[in-house]
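The values are calculated or read from the model by the stated rules, or taken from the named source; none is laboratory data. Since we're looking at a predicted model, the values are computed, not measured. Note that we place each Cβ from the backbone using ideal geometry, even for glycine, and neighbour counts take in every protein chain shown.
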């Protein structure tokens with residue numbers, strides 16, 4: 001207890017319990033934040049394992065508590081805390097970015113929930129779904145797993161790699177690159193997503209890249225650009241296309257696709273088409 005008595009004599013040191021009471025952070029939260037490097041104790045008693053914080057860490061504790069209560073990720077919080085130590089203006093910019101992202105996410109959630117409402121009310125709704133018939137065609141593709149926030153970078157990188165590989169083999173693209181969703185890419189699922197480039201010939205498989213002839217057929221198409229291409233709002237478009245197919249008495253076949261008319265890393269808004277193969281009917 002000698003160390004504890006020594007700490008009590010110096011008001012600048014606070015036990016983890018007292019620090020938690022001052023900042024409304026639980027002992028579990030303090031351990032997590034220490035492990036992530038967000039808020040590490042200033043001292044740890046080697047004999048008792050007691051953790052001690054200083055009074056000047058209280059504002060940081062409160063900042064973390066506020067950010068976490070707004071459901072900011074630990075990675076985003078870490079970036080803000082790190083910037084706050086060296087460049088407060090940059091930290092405020094990061095926080096403003098987080099606020100903007102929150103508003104965008106809330107607006108997207110409203111669109112998705114409005115789409116879910118149609119399932120409950122079974123209301124009729126206008127649709128801008130079109131149809132087309134695709135021919136069989138040779139393609140090059142690569143399979144990747146990813147989180148939603150990683151999609152733009154992965155798509156940009158892999159489409160570039162496929163284009164370079166096609167050029168090295170003397171092939172030319174015959175259409176826009178697209179993705180085949182063999183499983184969803186959401187907060188709960190990482191795919192896989194097959195990134196595909198249609199080309200004018202076949203090559204031997206190399207560097208994890210497949211080369212094969214993709215079967216054609218009927219597809220239902222829904223064009224989109226800008227905000228409606230963002231996750232999760234884009235899920236409403238997939239639901240719209242699926243509903244159009246089933247309302248027509250047809251059957252969705254194979255996984256749905258996204259045709260990318262420009263790169264998600266371009267300065268201009270992303271333009272894409274949701275495409276879902278279907279059979280046995282149409283409008």
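Points worth noting:
- Residue 133 satisfies every condition listed in (1) surrounded by fewer than 12 Cβ atoms within 10 Å (Cβ to Cβ); (2) assigned to a helix (DSSP H, G or I) except (2).
- Within region 179-201, considering residues that are closer than 22 Å to residue 156 by Cα and part of a loop (DSSP other than H, G, I, E, B), the one modelled with the highest pLDDT: 200
- Filter result for residue 139 (surrounded by 12 or more Cβ atoms within 10 Å (Cβ to Cβ), at pLDDT 95 or above and either outside any helix (DSSP H, G or I) or touching a strand residue (DSSP E or B) at 6+ places or on another chain (Cβ under 6 Å) (or both)): yes
- Subset of region 200-213 [crowded, with 17+ Cβ neighbours inside 10 Å and within 29 Å of the chain's Cα centre (by Cα)]: 209, 211
- Applying the condition of being in a strand (DSSP E or B) and under 28 Å from the mean Cα position of the chain (by Cα) to region 215-227 and asking which residue is surrounded by the most Cβ atoms within 10 Å (Cβ to Cβ) yields 220.
- When region 19-31 is filtered for residues that are in contact (Cβ under 8 Å) with a residue 12 or more places away in the chain and surrounded by fewer than 16 Cβ atoms within 10 Å (Cβ to Cβ), the ones remaining, listed by number, are 22, 24.
Each row is one residue, and each column tells you yes or no for (1) without any contact (Cβ under 8 Å) to a residue 12 or more places away in the chain; (2) touching a helix residue (DSSP H, G or I) at 6+ places or on another chain (Cβ under 9 Å); (3) loosely packed, with under 12 Cβ neighbours inside 10 Å.
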residue: 33; (1), (2), (3): no, yes, no
residue: 38; (1), (2), (3): no, yes, no
residue: 44; (1), (2), (3): yes, no, no
residue: 50; (1), (2), (3): no, yes, no
residue: 55; (1), (2), (3): no, yes, no
residue: 69; (1), (2), (3): yes, no, yes
residue: 75; (1), (2), (3): yes, no, yes
residue: 85; (1), (2), (3): yes, yes, yes
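- Evaluation of residue 230 against (1) touching a strand residue (DSSP E or B) at 6+ places or on another chain (Cβ under 8 Å); (2) at pLDDT below 95; (3) buried (at least 16 other Cβ atoms within 10 Å of the Cβ) (one fails), failing number: (1)
- Selection of first residues in region 100-113 that are outside the structural domain of residue 239 (by TED's automatic domain parsing) and of second residues that are part of a helix (DSSP H, G or I), restricted to Cβ pairs under 7 Å at least 6 apart or on distinct chains, gives the following pairs, ordered by first then second residue: 111/236; 112/235; 112/236.
- Extreme residue, farthest from residue 214 (Cα to Cα), among residues of region 264-273 that are touching a strand residue (DSSP E or B) at 6+ places or on another chain (Cβ under 8 Å) and either part of a strand (DSSP E or B) or without any contact (Cβ under 8 Å) to a residue 40 or more places away in the chain (or both): 271
- Considering 183, 166, the condition of being over 30 Å from residue 235 (Cβ atoms) and assigned by TED's automatic domain parsing to the domain that holds residue 259 is satisfied by 166 alone.
- Considering region 274-283, and only residues there that are crowded, with 16+ Cβ neighbours inside 10 Å and in contact (Cβ under 8 Å) with a residue 60 or more places away in the chain, the residue that is farthest from the chain's Cα centre (by Cα) turns out to be 278.
- Region 252-283, subset farther than 20 Å from residue 185 by Cα and in contact with a helix residue (DSSP H, G or I) (Cβ under 7 Å, 6 or more places away or on another chain), residue modelled with the lowest pLDDT: 269
- Hey, residue 3 closer than 23 Å to residue 74 by Cβ, surrounded by 12 or more Cβ atoms within 10 Å (Cβ to Cβ) and at pLDDT below 90 or not: no
- Scope region 241-263; condition surrounded by 19 or more Cβ atoms within 10 Å (Cβ to Cβ) and either free of Cβ contacts under 8 Å to residues at least 24 places away in the same chain or in a helix (DSSP H, G or I) (or both); matching residues: 241, 244, 245
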